[in-house]
């Protein structure tokens, strides 16, 4: 089958694999975060989609109407909203996916790299204090695909630090670094010269499958502090620096 004729949004073989898990996705209404929500819900997890954009949340939920598991929505516009979400207003997440809006270190947005690290720290402390296993996944970009690569580098460094700090408690922390994630109005990947594998952008669900792998204890229970690259081969290219 031609790479260009594949169905990158197709989800097979994951039903029930995250049954009993509580997965929180910040920001689950944009970019690769939408794929993480779709796959976690299809895998049977109680999934919470958090985003500051109410319109984007509603649009994403309409796309998930056929999901076997209802997706809970939360409008999160401030650090206080996140604190309420993480500490008591919902079931403690044992799976966290953090999708920063962008990677500028001087950003004051609710989904900045710094905020992602703070949220991950709060969730891992909650999981540790409850004596449970858990998994955190940071979504980031391959270095030369990021508008501000310093933010991506910061996120990966903090991921490794946090992974080391909570490993003894059985909590795993990893990252997925992506290439270009984009679809057209019909939900299909778009042409991309920077993606050698098929020469098209990534579909969000393709990233979601990588996140699912890292959330699944049966498949990735021995993996922590690692970065899984999903970029259709873009990192094989050597840009002119």
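Computed values, structure above
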{"read-out": "Strands (runs of 3 or more DSSP E) wholly inside the range 60-149 containing at least 1 residues that are modelled with pLDDT under 90", "value": "71-75, 134-141"}
{"read-out": "Residues located in the range 26-44, provided they are more than 9 Å from the chain's Cα centre (by Cα) and not in a helix (DSSP H, G or I)", "value": "29, 30, 31, 43, 44"}
{"read-out": "Cross-chain or 6+ apart pairs with Cβ under 8 Å, the range 1-18 first and within 15 Å of residue 199 (Cα to Cα), then at pLDDT 65 or above and exposed (fewer than 11 other Cβ atoms within 10 Å of the Cβ)", "value": "none"}
{"read-out": "Complete set of residues in the range 162-196 that are surrounded by fewer than 21 Cβ atoms within 10 Å (Cβ to Cβ), under 15 Å from the mean Cα position of the chain (by Cα) and part of a strand (DSSP E or B)", "value": "none"}
{"read-out": "Flag if residue 228 is at pLDDT below 95 and either in a helix (DSSP H, G or I) or surrounded by fewer than 18 Cβ atoms within 10 Å (Cβ to Cβ) (or both)", "value": "no"}
{"read-out": "Members of the range 1-24 that are under 18 Å from residue 217 (Cβ atoms) and either touching a helix residue (DSSP H, G or I) at 6+ places or on another chain (Cβ under 9 Å) or at pLDDT below 90 (or both)", "value": "13, 14, 15, 16, 17, 18, 21, 23, 24"}
{"read-out": "Tabulated pairs, the range 205-229, first at positive phi, second outside any loop (DSSP other than H, G, I, E, B) and surrounded by fewer than 23 Cβ atoms within 10 Å (Cβ to Cβ), C-beta under 7 angstrom, 6+ apart or interchain", "value": "225/160; 225/163; 225/164"}
{"read-out": "Flag if residue 207 is closer than 27 Å to residue 16 by Cα, at pLDDT below 95 and surrounded by 15 or more Cβ atoms within 10 Å (Cβ to Cβ)", "value": "no"}
{"read-out": "Of all residues making up the range 210-222, the number that are in contact with a strand residue (DSSP E or B) (Cβ under 6 Å, 6 or more places away or on another chain) and surrounded by fewer than 18 Cβ atoms within 10 Å (Cβ to Cβ)", "value": "0"}
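The values are calculated or read from the model by the stated rules, or taken from the named source; none is laboratory data. What you see is a predicted model, and the numbers here were worked out from it, not measured in a lab. Cβ: placed from backbone, ideal geometry, glycine included. Neighbour counts: every protein chain shown.
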